[in-house]
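Chemist: Got a structure here, written out as structure tokens. Questions coming.
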Amino acid sequence: MIKRLFYLPAFLFLIQHASVAQGDYHFGFQASPSFSWMTTDNQKINGNGSLLGLKLGVLVERRFSDNYAFTTGIGLQFNTGGKLLFDQPGNFWSNSAADATIPYTSKDTFQMGTELKYNLRYFEIPLGLRMRTQEFGFFRYYVEPAFYLGFRTDAKGTIRNSPRFDQEKISISNDVSVFNIAWGIGGGVEYTVANNTAIIAGLYYQQGFAGVQKDGNTIYTTAGAKPDASRATINAITIRLGVMF
């Protein structure tokens, strides 16, 4: 499944370069605050709060008409993730338990009510289509659906509500997938301040559809121990702030 999802942004990227022989390139940068949270498909594992993060990076537009442009770029997504509350006991982040900073083993049991906080950083490549209105004075309005391909560069975790094992900012890279794929949609406004220079501001929603965590967690039920087959994904709302040239 992950392999198929990986091909989708690559396919869109090839379409962009194959179908647009003549393009008008514009570059910019963003510094955008982002609020992220996590959800799962297991009713016993629930989101328990959001994180304030930041997106920094370069924006690229290839305009093929005055109102339409393919968009991409490169950037870093800092402090994304969220908190998960486990309403059943188990053993979590067992792939990282060999790390000397983690005070538990793969056989230790976390109590019901344990909270795991994911603080993640990704190198991100978006691929989107920006659709803009005509100019009204100095303003243009736009809508932009997009896909996002993320490569995990750092993963830290915090354990709470399980007193024997509570720990802050431990390395959990062994328990977080390297790739993250998401889709999203946003909209906003461009304000022209000079020839070929515009300030952009917008609101974007992003929803992950690739699981964040690797296999390895164990949960305990009345029927005994079993592997945790749940899928946790990251969602985010970003306030896009940037400049295009």
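Chemist: Looking at (1) buried (at least 19 other Cβ atoms within 10 Å of the Cβ); (2) among the β-branched types (Val, Ile, Thr); (3) free of Cβ contacts under 8 Å to residues at least 24 places away in the same chain, which is the only condition Thr105 fails?
Modeler: (1)
Chemist: Whether any residue in segment 135-142 is without any contact (Cβ under 8 Å) to a residue 24 or more places away in the chain, of a type outside the set (Phe, Trp, Tyr) and crowded, with 18+ Cβ neighbours inside 10 Å is what I want to check.
Modeler: no
Chemist: Can you tell me which residues in segment 155-186 are within 19 Å of Asn235 (Cα to Cα) and open to solvent by 40 Å² or more (accessible area, probe 1.4 Å)?
Modeler: Within segment 155-186, Lys156, Val178, Phe179, Trp183, Ile185 meet the criteria.
Chemist: Tell me which of these Ala232 doesn't satisfy, since it passes every other one: (1) touching a strand residue (DSSP E or B) at 6+ places or on another chain (Cβ under 6 Å); (2) surrounded by fewer than 19 Cβ atoms within 10 Å (Cβ to Cβ).
Modeler: Among (1) touching a strand residue (DSSP E or B) at 6+ places or on another chain (Cβ under 6 Å); (2) surrounded by fewer than 19 Cβ atoms within 10 Å (Cβ to Cβ), the lone unmet condition for Ala232 is (2).
Chemist: Hey, another quick one. What strands (runs of 3 or more DSSP E), lying completely within segment 134-216, carry at least 1 residues that are modelled with pLDDT of 95 or more?
Modeler: Here the list reads 139-160, 179-194, 197-208.
Chemist: May I ask you to list the residues in segment 197-224 that are open to solvent by less than 70 Å² (accessible area, probe 1.4 Å), free of Cβ contacts under 8 Å to residues at least 24 places away in the same chain and either hydrophobic (A, V, I, L, M, F, W, C) or within 30 Å of Tyr142 (Cα to Cα) (or both)?
Modeler: none
The values are calculated or read from the model by the stated rules, or taken from the named source; none is laboratory data. This is a predicted model, so every value here is computed, not measured. Every residue, glycine among them, receives a Cβ derived from its backbone with ideal geometry; neighbour counts consider all protein chains shown. With ligands, DNA and RNA removed, areas are computed over all heavy atoms of the protein, side chains included. Shrake-Rupley method; radii C 1.70, N 1.55, O 1.52, S 1.80 Å.
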